[in-house]
Amino acid sequence: MAAIYSKLNTAIITGGASGIGLALTKKCAGYGMRVLVADWDEKNLDAAKSALGDNVSTVKIDVSKTEDWEALKEKVVKDFGGKINLLALNAGVGVRTSFEDADTSGFQKVMNTNLFGVINGITALLPLIKEHASPSSQASIVITGSKQGITNPPGNPAYNASKAAVKTLAEHLSFDLATSHPAVSVHLLVPGWVWTPLAGAASGREKPAAAWTGEQVADYLEAKMAEGQFWVLCPDNDVTEDMDKRRMQWNTNDILLSRPPLSRWREQYKDEFKEWMEKK
């Protein structure tokens, strides 16, 4: 799938004006691809357009609104002949939620953006991708998930649930297209700790040594796509891929061993979890 990143191929990137999305936008533009950046922040859109030149166009979109997706689809048909080689469904929000709060607006905002933003993008643009993809002109769909959607740490149930649902959607999409449209690959991008505006970069603070940059994530994604990998499980400067896999396996074992949910964070399992992570 390395041919996806080729001159004059077309990329559509949501949340593409900041963070990981912007890093991916820069990568695609650097290859000479035609890039449509879809984002809700006009200031960031203008900055991306100004910095990256004529191959990059922009559109303001609220990914939770189907009418915005229909307008984007029309633009893709008009400007690119309906051809999409890379669709990166990356837009997301990190509103913190709690069941202690009776107000459901935070849950709704997170689900509308993180979950329905993906559903809306797939339903709007998948017909175009299927129509134009072929063995000689392959296409890829990248969906940004989160480790929190797999390991499910306490403290933010809406975000975790949204990313868990996104993981499920990506798995089903990969399975369905593998037979019906094998020229279309699906990849679940699972970042580690990345220094993005969502993680605190907008504060102006110096990047923590443990965090990756968006550019590192974009490079890692490209390499895993070239290998044909669905799972793009990103490490960072503190957490290795093996550590992530051990944590994920522990969570799965909660079910298999009849432990209480989220046992990793329960005091009575603290020592057992430590031993599990230290096993050779």
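The values are calculated or read from the model by the stated rules, or taken from the named source; none is laboratory data. Remember, predicted model here, so these are calculated numbers, not experimental data. Neighbour counts are summed over all protein chains in view; Cβ atoms, including those assigned to glycine, are modelled from backbone coordinates with ideal geometry.
Taking the criterion of being in contact (Cβ under 8 Å) with a residue 40 or more places away in the chain, surrounded by 20 or more Cβ atoms within 10 Å (Cβ to Cβ) and either within 23 Å of Asp254 (Cβ to Cβ) or of a type in the set (Val, Ile, Thr) (or both), the residues of segment 157-190 that qualify are Ala158, Tyr159, Ser162, Lys163, Val166, Ala170, Val184, Val186, Leu188, Val190. Take the conditions of a type in the set (Asp, Glu) and surrounded by fewer than 17 Cβ atoms within 10 Å (Cβ to Cβ) and apply them to Glu222. Does it pass? In short, no.
Tell me whether segment 181-202 contains one or more residues that are within 17 Å of Leu89 (Cα to Cα), part of a helix (DSSP H, G or I) and of a type in the set (Val, Ile, Thr). For segment 181-202, residues within 17 Å of Leu89 (Cα to Cα), part of a helix (DSSP H, G or I) and of a type in the set (Val, Ile, Thr): absent.
For segment 147-176, how many residues are part of a helix (DSSP H, G or I), closer than 19 Å to Gln108 by Cβ and of a type outside the set (Val, Ile, Thr)? Break it down into steps so the answer makes sense when it comes.
Here is the first cut: in segment 147-176, the residues part of a helix (DSSP H, G or I) are 148-151, 157-176.
If we keep only those that are closer than 19 Å to Gln108 by Cβ too, we end up with 148-149, 157-166, 169.
Now narrow it down to the ones that are of a type outside the set (Val, Ile, Thr): 148-149, 157-165, 169.
Adding up the residues that qualify gives 12.
Does Glu131 qualify as being within 26 Å of Gln229 (Cα to Cα), assigned by TED's automatic domain parsing to the domain that holds Trp69, surrounded by fewer than 16 Cβ atoms within 10 Å (Cβ to Cβ) and charged (D, E, K, R)? Yes: the conditions hold for Glu131. Candidates Ser174, Ser180: the one that is assigned by TED's automatic domain parsing to the domain that holds Val63, within 18 Å of the chain's Cα centre (by Cα) and of a type in the set (Ser, Thr, Tyr) is Ser174. May I ask you to verify whether Leu233 is assigned by TED's automatic domain parsing to the domain that holds Leu173, in contact with an Asp or Glu (Cβ under 8 Å, 6 or more places away or on another chain) and modelled with pLDDT of 95 or more? Yes: the conditions hold for Leu233.
Note on segment 43-74: among residues that are in contact with a strand residue (DSSP E or B) (Cβ under 6 Å, 6 or more places away or on another chain) and without any contact (Cβ under 8 Å) to a residue 40 or more places away in the chain, the one that is farthest from Ala17 (Cα to Cα) is Asn55. Residues that are over 16 Å from Leu126 (Cβ atoms) and touching a Gly at 6+ places or on another chain (Cβ under 9 Å) within segment 62-90 comprise Asp62, Ser64, Asn90, listed in sequence order. Looking at segment 203-229, I want the residues that are over 22 Å from Leu188 (Cα atoms) and have a partner that is of a type outside the set (Asp, Glu) and in a helix (DSSP H, G or I) with Cβ atoms under 8 Å, at least 6 apart or on another chain. Which pairs are those? These pairs meet every condition: Lys207/Ala201.
Within segment 84-101, does at least one residue satisfy the condition of being touching a residue at least 24 places away in the same chain (Cβ under 8 Å) and assigned to a helix (DSSP H, G or I)? Taking every residue of segment 84-101 in turn, none turns out to be touching a residue at least 24 places away in the same chain (Cβ under 8 Å) and assigned to a helix (DSSP H, G or I).
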